[in-house]
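One structure is given below, encoded as structure tokens.
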Amino acid sequence: MRDVRDSMQGAAGGMAEDVAEDAAVGGKPVRRRGGELERAILDAVWAELADHGYDRLTMEGVAARARTSKPVLYRRWPNRAALVIAALGRNAPDYQEPPDTGELRADLALFLGSLLHRFDDLPTDAVHGVLVDLLRDPELRAGFTVGLTAVGPVSSLGLMMRRAADRGEINPARITPRTVSLPLDLLRDAFLVGGAVPSDRVVAEVLDEVVLPLLRAPSGN
């Protein structure tokens, strides 16, 4: 209930509270709004994750590190998991321009590798904790799924596969919503079961033993 009260109080404060409760440097208030304030908050989230992991990350700790207030956080993100997802998403590879090497396996390996290696400076439990919260919270999971399929990694995977089909590398009939999301589904499951970010070897196995053979198979098999 305390988090709910803080959130409601923040929503009533409006943008003026963002300035009133924001940082002070040399005794003078620092007026951070919009993108500047959001960057400071997400930087603080990343630093808190690196220092404390997901389980010990708190809204209070993020607010203190960002030199702002909990109501300011809650006006933008409804809970801790949503805040962490925003920080992870900001450090994601460019979904608008995925790799285009001229060969699908290389494209997928580069893209999935960059997606996974963005977590290299975080404790494993930080990312694992976010995934567990996604499983527990249907509303949060639904929002995360929308992000994946709209302009996120699933959209990029579909683009790379369609390019490969145009080059004659794979069977276009095999490009379905299920096969497009398959690399991410398999890597996510490997992470949840194994408790560690999948290695480059695991990525190679997923591509060579499952994804590419499926995409190359003739229709009807």
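The values are calculated or read from the model by the stated rules, or taken from the named source; none is laboratory data. Just so it is clear, the structure is predicted and the values come from calculations on it, not from any experiment. All Cβ positions, glycine included, derive from the backbone under ideal geometry; neighbour counts span all protein chains shown. Ligands, DNA and RNA are excluded from the accessible area calculation, which covers all protein heavy atoms including side chains. Shrake-Rupley method; radii C 1.70, N 1.55, O 1.52, S 1.80 Å.
If the segment from Ala106 to Glu209 were pulled out straight at 0.36 nm per residue, it would be longer than the present Cα-Cα gap by 35.6 nm. Computed from the C-beta positions of Asp189 and Arg167 and an R0 of 41 Å, the FRET efficiency is 0.90 to the nearest 0.05. In this structure region 149-189 gives 46 Å² per residue of accessible area when probed at 1.4 Å with all protein chains present. Taking the Kirkwood radius as Rh and the Cα radius of gyration as Rg, region 41-104 has a ratio of Rg/Rh equal to 1.15.
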